[in-house]
Amino acid sequence: MIDLGHVGLFCTSPGRTDGAALLLVHGWGGDGREWSVHAETLADRFRVIVPDLRGHGRSDVPGTGNTPAAMADDLAALVEALGCGPVVAVGHSMGGQVVNLLAVRHPVLVRSVVALDPAHGAHGAEVRGIPGRLAAYRERGARAAADFVAGAFSDEAPPGLRTAHVRTMLGTPDHVIAQAYAGMYTDSEAVGVRPQSEAYLRRRTQPALTVWTAAQAAAWERSTLHVTGSRVEHWPGVGHYLHEERPENTIRLIREWADTP
């Protein structure tokens with residue numbers, strides 16, 4: 001546990017303690033264990049840092065303020081405490097939003113961003129469903145969120161992956177589930193809905209690699225790119241937890257991106 005003063009974050013750093021740093025950030029209702037295979041493999045080449053976000057895993061659980069913006073500020077404090085910046089910040093789902101916010105809010109601490117199926121760019125039916133989902137998360141917390149997780153995998157997902165994520169989600173405090181979801185989509189600082197997403201992506205000055213499982217989302221994000229070296233990929237036929245359904249592809253992607261000058 002690393003005491004940042006305002007919050008304590010559980011963090012592991014396998015392997016080397018020098019060299020270029022990779023920050024691997026999990027998503028909503030998850031924890032750093034989902035990066036275990038990636039961290040172990042990448043640690044031979046990079047300084048790998050794997051935190052549990054506030055309210056998740058083994059980190060402190062504040063009663064309020066469990067939002068992506070606060071999580072991004074926590075990670076800035078973590079990078080400064082470890083003296084490992086600027087980092088290549090890698091995030092999945094809500095973690096993808098968090099690492100982009102880290103890049104926008106604390107640009108000197110981030111060299112580049114990798115976002116995997118990030119929690120931004122919501123539009124259309126997805127946006128219309130946000131009030132109902134938020135009401136369910138406020139009423140039923142992790143039990144309602146577990147229903148989303150259960151349906152987020154492809155038929156090719158490794159055995160046990162769905163069960164592991166449902167279990168981790170069910171272990172996340174109910175108020176964290178609701179606060180984090182509101183922080184992604186409905187709070188005043190939320191950037192998950194497309195107009196707000198476009199505004200914050202325009203403020204990102206670092207190169208970014210984004211991978212989407214949906215072709216339409218990939219096409220939309222390509223239209224937002226403005227920093228030289230940035231790109232968007234589309235991985236069809238894979239579930240939302242793409243980094244765990246295709247770990248070898250993800251490791252190769254991160255390694256090649258992080259090795260780019």
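The values are calculated or read from the model by the stated rules, or taken from the named source; none is laboratory data. Remember, predicted model here, so these are calculated numbers, not experimental data. All Cβ positions, even for glycine, are placed from backbone atoms using ideal geometry, and neighbour counts span all protein chains on display. Note: accessible area is taken over every heavy atom of the protein model, side chains too, but ligands, DNA and RNA are not part of it. Shrake-Rupley method; radii C 1.70, N 1.55, O 1.52, S 1.80 Å.
Kirkwood hydrodynamic radius for the stretch 125-168: how many Å is it when counted over pairs of different Cα atoms?
Answer for the stretch 125-168: a Kirkwood hydrodynamic radius of 11.5 Å.
Of the heavy-atom accessible surface of the chain (probe 1.4 angstrom), what whole percent is carbon and sulfur? Intermediate results must be reported in sequence, preceding the final value.
Values: 5500 of 10690 Å².
Heavy-atom surface of the chain belonging to carbon and sulfur, 1.4 Å probe: 51 percent.
Residues in the stretch 146-160, backbone N under 12 Å from the label point at Leu170 (7 Å along the Cα-to-beta-carbon vector): list them, ranges by number please.
Within reach of a label on Leu170: 146-147, 150.
Need the full-extension length gain, Val227 to Glu189, defined as separation in residues times 0.36 nm minus the C-alpha distance. One decimal, nm.
So the extension gain works out to 11.3 nm.
Quick one: if the Förster radius is 25 Å, what FRET efficiency do Arg202 and Ala81 give, using the C-beta to C-beta distance and rounding to 0.05?
0.25
Let me understand the stretch 83-179 better: what is its radius of gyration from the alpha carbons, and its Dmax, in angstrom?
15.6, 43
Hey, got the dipole for the chain? About the Cα centre, +1 on K and R Cβ, -1 on D and E Cβ, debye to the nearest 20?
Once rounded to the nearest 20, the dipole reads 360 debye.
Roughly how compact is the stretch 1-138, stated as its Cα Rg over 2.2 N^0.38 Å to two decimals?
This ratio for the stretch 1-138 stands at 1.04.
Report, in deg cm²/dmol and to the nearest 500, the calculated mean residue ellipticity at 222 nm for the chain, where each DSSP H run with n ≥ 4 adds -39500 (n - 2.57) and the sum is divided by the residue count.
Details: 12 runs with 115 residues, N = 261.
Taken over the chain, the calculation gives -12500 deg cm²/dmol.
Extending each Cα 7 Å along its Cβ direction at Ile2 and Asp18, get the distance between those two points in nm, one decimal.
Placing both labels 7 Å along Cα→Cβ, they lie 1.9 nm apart.
Please work out the average accessible area per residue across the chain, using the 1.4 Å probe convention, and give it in Å².
Roughly 41 Å² per residue, with all protein chains present.
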